[in-house]
Amino acid sequence: MLRWAGLALLLVASAGCVQTVKGRNLPALEEAGKLERVAVAPFRVGRPFSELASPEQARVAAALVSRHFAEGLMRRKVRVVPPGDVERVLGGMLSGEAPVPELARRVAQEFGANALVLGTVSRFVEREGRPAGATRAAWVAFHVTLHAAPGGERLWTASFDEHQKPLGQNVLDASRYPGRGLRWLTAGELARWGAGQVAEAMPLGH
């Protein structure tokens with residue numbers, strides 16, 4: 001009887017777990033070959049983050065998330081063109097409204113990439129307080145889109161939106177975080193973890 005009661009509690013707790021990465025494969029992914037070289041563009045700043053932070057703070061945070069995402073792909077042994085190199089070549093095209101097919105064509109031409117990642121950071125809220133006793137949890141949210149190169153077709157999209165939950169609210173959910181939920185993360189730590197989770201979930205073609 002106790003064994004079944006324990007199983008029931010486990011199932012209830014598991015049902016409360018939040019899905020970390022919300023991704024969606026798009027039809028063009030079926031036609032895509034293996035992604036041999038992926039160019040990661042510097043992530044852009046979206047709302048409401050753009051309205052809550054200074055332009056410099058927003059730019060630094062978006063650059064941090066895109067760098068962590070590129071590093072996550074590298075850990076999967078993917079050949080990556082890092083955001084700094086993409087920005088150096090594409091320059092003003094990234095800050096303007098250049099169409100995605102044009103961006104995809106350029107990264108294919110300049111780097112031999114057959115995929116392009118674009119991203120937008122919509123929240124980057126810093127923790128208030130100490131690791132053992134925060135008064136406000138960190139909150140990070142961003143969206144990424146994977147495009148084929150040189151054509152620019154959308155292959156996959158994913159979102160990460162995490163406002164760290166306390167351990168006492170749901171043990172299994174909180175234990176997903178670095179430190180197993182026993183400490184409050186900074187926004188940078190949460191961003192690194194989230195970018196790694198999204199990079200791990202990204203399909204690499206076949």
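Only the coordinates and a few stated rules stand behind these numbers; no lab work does. Just so it is clear, the structure is predicted and the values come from calculations on it, not from any experiment. Counting neighbours? That spans all protein chains shown, and the Cβs are built from the backbone with ideal geometry, glycine included.
Quick notes
- Candidates per GluC sites (Glu not before Pro) in the stretch 37-145, loop by DSSP, up to 11 other Cβ within 10 Å: Glu97
- Ordering Lys165, Lys34 from the fewest to the most neighbouring beta carbons within 10 Å gives Lys34, Lys165.
- Distance from the alpha carbon centroid of the stretch 48-120 to that of the stretch 177-206 works out to 18 angstrom.
- Sorted ascending by nearby beta carbons within 10 Å, beginning with the fewest, Leu90, Leu146 become Leu90, Leu146.
- Partner aspartates and glutamates for Lys165 [C-alpha distance under 20 Å; skip if fewer than 8 residues away on the same chain]: Glu126, Glu128, Asp173, Glu189
- Were the residues from Arg37 through Arg183 laid out at 0.36 nm apart, the gain over their Cα-Cα distance would be 48.9 nm.
- Bins of 5 Å, starting at 0 and running to the largest distance - Cα pair percent for the stretch 19-201: 1, 9, 16, 20, 19, 15, 9, 6, 4, 1, 0
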